[in-house]
Amino acid sequence: MRRRAAATPAVRSLAALLLVAGCAATRAADDGTFRSPKGYQLGLPRDGWRVERSAGADLELARSEPPAGMLADATCGGREMDRSLPVLTRHLTFGLTDRQTVESDTWTVAGRPASHQIVKGRRDGAEVTVEAVVMKGDRCVHDFLYVAPPGEFEAGRRVFRLFVESFVGDR
């Protein structure tokens with residue numbers, strides 16, 4: 001990671017959570033759209049969110065104030081396509097200890113069912129709240145994560161929802 005304004009331990013631990021996703025290059029266009037070489041695209045949030053270089057996801061976003069992080073990743077082919085959405089969603093938060101599931105339901109993303117979960121826990125000793133969404137396209141499993149300290153979590157949920165809802169592709 002490059003140097004930036006001091007981030008809380010919770011936001012710094014986002015990088016560790018990102019490693020559960022696959023590796024790919026980050027590409028963001030000047031028009032505010034991320035286009036993945038895996039065949040999908042997403043609208044990029046503004047208002048303090050910046051694209052970060054990521055070794056663990058297709059797209060990683062960070063915000064300093066209030067501190068938070070988001071990611072999008074796709075795993076195409078492989079065993080993931082055979083796993084259930086709830087199992088895939090739990091995999092996104094394996095690195096958390098002292099886990100407490102706050103919410104677990106189903107969303108619709110691009111007309112497809114998606115598993116949605118909010119989990120509170122600890123990562124590297126820091127308290128975090130994680131919102132995870134997983135959906136299956138025709139070729140890929142798509143993961144979306146939002147991570148923030150518990151006191152800052154609500155401030156970014158609306159932006160995260162819009163980010164996920166901006167998904168287009170994998171048909």
Original post:
Name the pairs whose Cβ atoms lie under 7 Å apart, with the first residue in the range 150-162 and outside any helix (DSSP H, G or I), the second surrounded by 13 or more Cβ atoms within 10 Å (Cβ to Cβ), and 6 or more positions between them or separate chains?
Top reply: PHE153/THR129
Original post:
Does PHE144 qualify as being of a type outside the set (Gly, Ala, Ser) and in a helix (DSSP H, G or I)?
Top reply: no
Subject >> Total residues in the range 122-151, condition in contact with a Ser or Thr (Cβ under 8 Å, 6 or more places away or on another chain) and at negative phi >> reply: 16
Subject >> Residue count for the range 133-155, restricted to those that are crowded, with 24+ Cβ neighbours inside 10 Å and of a type in the set (Gly, Ala, Ser) >> reply: 1
Subject >> Qualifying residues in the range 45-87 (those that are of a type in the set (D, E, K, R) and part of a loop (DSSP other than H, G, I, E, B)) - the one surrounded by the most Cβ atoms within 10 Å (Cβ to Cβ) >> reply: ASP58
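Every number in this text was worked out from the coordinates using simple rules, so none of it is lab data. As the structure is a computational prediction, the values presented were derived from the model and not from experiment. Counting neighbours? That spans all protein chains shown, and the Cβs are built from the backbone with ideal geometry, glycine included.
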